[in-house]
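Taking it in order: structure first as structure tokens, then the write-up.
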Amino acid sequence: SFAVLLSVLYNRLELAILATIGGFITPFLVSTGSNNYLALFSYLGILNTGLIALAYYKRWIPINFIAFLFTVVIYGGWLQRVVWNGEAVPHQDGLLFASLFYILFIIMQLANHIKRPQQFTRYDFMLLIAINSAYYGAGMILLQYWNHGEWQGLFTAFLALFNCAMAWIFFRQQKFDRNFVFLLIGITLTFLSLTAPVQLEGNYITLFWAAECVLLFWFYQQSGISLAKLTASIILILALISLLMDWAQVYSDSAVK
């Protein structure tokens, strides 16, 4: 905390980087080998919350990247160990902390932009996509151990709804970067399209994609956003392929009978 304060007062990125790295390696330096993941993840949550304050005052992208990288490595290492070693997976606690880290990193990415609206760079876009991808991957792994994966489709739909809500909020703020809004819409459409194959089976996937295609074309006509038209075209192709697969299965079953 003292090093972060100095980095802000003296406007030195180098001090902030050293403070961030030092904060993330501290648990390993003082570890007793007790495997207390609750204490470790709580510490990471506190540390990343402090870095949000730094991100609010300074737009230092390397800090966000370092924090995200260390958190993914530490959390991913824990998840890989408990899954591969055949231990009882604490899926509820794991999903709770993964959700906490996801929210913290989303806020960390937006903190400085909310203070001073400005253009997002490609590094901001890449990190935002990586945050969503890492959270989705961890969630899908953990939900396999919760009612045999019954909640995976709902989890996918929740991420689509969450990104859609953010897109709507920032779309109404005229000063915000429209490319960022389009990125959120793209992430929303991606998760929405994944909901069907994750949760549904057979012809229900075809029906879902067909309905989504019609909805996206209507949305394109109302908004003029070309991304919606492109996504609708892709979904239309997927729906046609799924329809052909349904027909092949139905007629093959009829021929056997």
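Okay, here's what the table says:
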read-out	value
Descending semi-axes in whole angstrom, ellipsoid equivalent of segment 78-214, from the Cα gyration tensor	29, 22, 10
Net lengthening on full extension, Leu6/Met140 (0.36 nm per residue, minus Cα-Cα)	44.2 nm
Accessible area (Å², 1.4 Å probe, nearest 10) - Glu87	80 Å²
Nitroxide proxy distance, nm - points 7 Å out along Cα→Cβ at His148 and Phe125	4.3 nm
Contact order relative to length of the chain, as percent, for alpha carbon pairs under 8 angstrom and 6 or more apart	13 percent
More than 11 angstrom apart: percent of Cα pairs within segment 159-201	61 percent
Probe 1.4 Å, accessible area per residue of the chain, Å²	58 Å²
Computed Rg/Rh of the chain, alpha carbon atoms with Kirkwood Rh	1.05
Rg to Rh quotient for segment 1-85, alpha carbon positions, Kirkwood Rh	1.02
Pairs of Cα atoms farther than 17 Å apart, segment 185-257, %	46 percent
Apportionment of accessible area to carbon and sulfur, the chain, percent (1.4 Å)	68 percent
The chain, helix-only ellipticity at 222 nm - DSSP H runs n ≥ 4, -39,500 (n - 2.57), divided by all residues, nearest 500	-28500 deg cm²/dmol
Label-point gap, in nm, between Ile17 and Asn179 - each point 7 angstrom along Cα→Cβ	2.4 nm
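The values are calculated or read from the model by the stated rules, or taken from the named source; none is laboratory data. What you are looking at is a predicted structure, and each value in this text was computed from that prediction instead of being measured. Ideal geometry is used to build each Cβ from the backbone, glycine not excepted, and the neighbour counts take in all protein chains shown. SASA here: full protein model, heavy atoms, side chains in, ligands and nucleic acids out. Shrake-Rupley method; radii C 1.70, N 1.55, O 1.52, S 1.80 Å.
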